[in-house]
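Structure in structure tokens, see below.
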Amino acid sequence: MNIIQSEHLTEKQKKNIIELWNEEYPEALSLSDVNAFDIYLEGLSDKHHLLVINEKTDVVGWLIDFIRDNERCFAMLLHTSLQGKGYGTKLLNLAKQTNSELNGWVIDNDEQQKQNGQNYKSPTGFYKKNDFEIVPGIQSKKNDINGIKVRWQKPKNNE
């Protein structure tokens with residue numbers, strides 16, 4: 001597996017990410033096609049992609065950091081077969097090297113179904129383990145799915 005950085009995605013990479021998105025996120029958040037994904041991306045500015053590429057050159061992991069509502073935000077997807085093997089932490093650590101803050105939204109429960117019928121597993125514990133805090137009192141609801149905001153901030157130097 002290789003991790004590469006990119007400012008732009010190829011059509012093949014977009015298709016791989018949509019497939020990954022639809023496999024890993026709850027069914028209610030699925031994307032219909034490349035056009036829907038392009039619309040999502042167009043709403044974001046100052047985008048930076050980190051891609052986990054397998055030996056077939058397919059994208060099997062993706063982290064994007066971007067500006068939305070004057071905040072540095074991120075979204076991340078990792079194929080089920082790579083979860084628990086350190087790739088998510090590697091992607092986050094790379095994003096932390098170039099940012100002083102990362103904000104994201106996570107689903108706070110394991111009740112949502114994925115397209116394959118399995119329940120989506122909330123990544124809240126993973127983000128806590130990677131030094132993110134749950135921002136109290138901030139929630140979002142989209143397609144009847146509860147989301148909570150998580151934030152990582154670079155530690156301040158005591159100099």
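Among the listed residues ASP69, ASP46, identify the single one that is loosely packed, with under 13 Cβ neighbours inside 10 Å, closer than 20 Å to TYR127 by Cβ and among the acidic types (Asp, Glu).
Going through ASP69, ASP46 in turn, just one is loosely packed, with under 13 Cβ neighbours inside 10 Å, closer than 20 Å to TYR127 by Cβ and among the acidic types (Asp, Glu): ASP69.
State whether one or more residues within segment 51-72 are in a helix (DSSP H, G or I) and either more than 25 Å from MET1 (Cβ to Cβ) or touching a helix residue (DSSP H, G or I) at 6+ places or on another chain (Cβ under 9 Å) (or both).
The answer is no; no qualifying residue exists.
Now a separate question. Looking only at residues that are at pLDDT below 95, surrounded by fewer than 13 Cβ atoms within 10 Å (Cβ to Cβ) and not polar (S, T, N, Q) in segment 5-35, which one is farthest from the chain's Cα centre (by Cα)?
By that ranking, first place goes to ASP33.
What are the residues in segment 109-126 that are buried (at least 16 other Cβ atoms within 10 Å of the Cβ), touching a residue at least 24 places away in the same chain (Cβ under 8 Å) and over 21 Å from GLU19 (Cβ atoms), if any?
Answer for segment 109-126, where residues must be buried (at least 16 other Cβ atoms within 10 Å of the Cβ), touching a residue at least 24 places away in the same chain (Cβ under 8 Å) and over 21 Å from GLU19 (Cβ atoms): THR124, PHE126.
Quick one: ILE134 ticks every box in (1) over 19 Å from HIS8 (Cβ atoms); (2) of a type in the set (A, V, I, L, M); (3) touching a residue at least 40 places away in the same chain (Cβ under 8 Å) except a single one, so which number is it?
(3)
The values are calculated or read from the model by the stated rules, or taken from the named source; none is laboratory data. This one's a predicted model, so the numbers in the text were calculated from it and none came from an experiment. Using ideal geometry, Cβ is built from the backbone for each residue, glycine included, and neighbour counts are taken over all protein chains shown.
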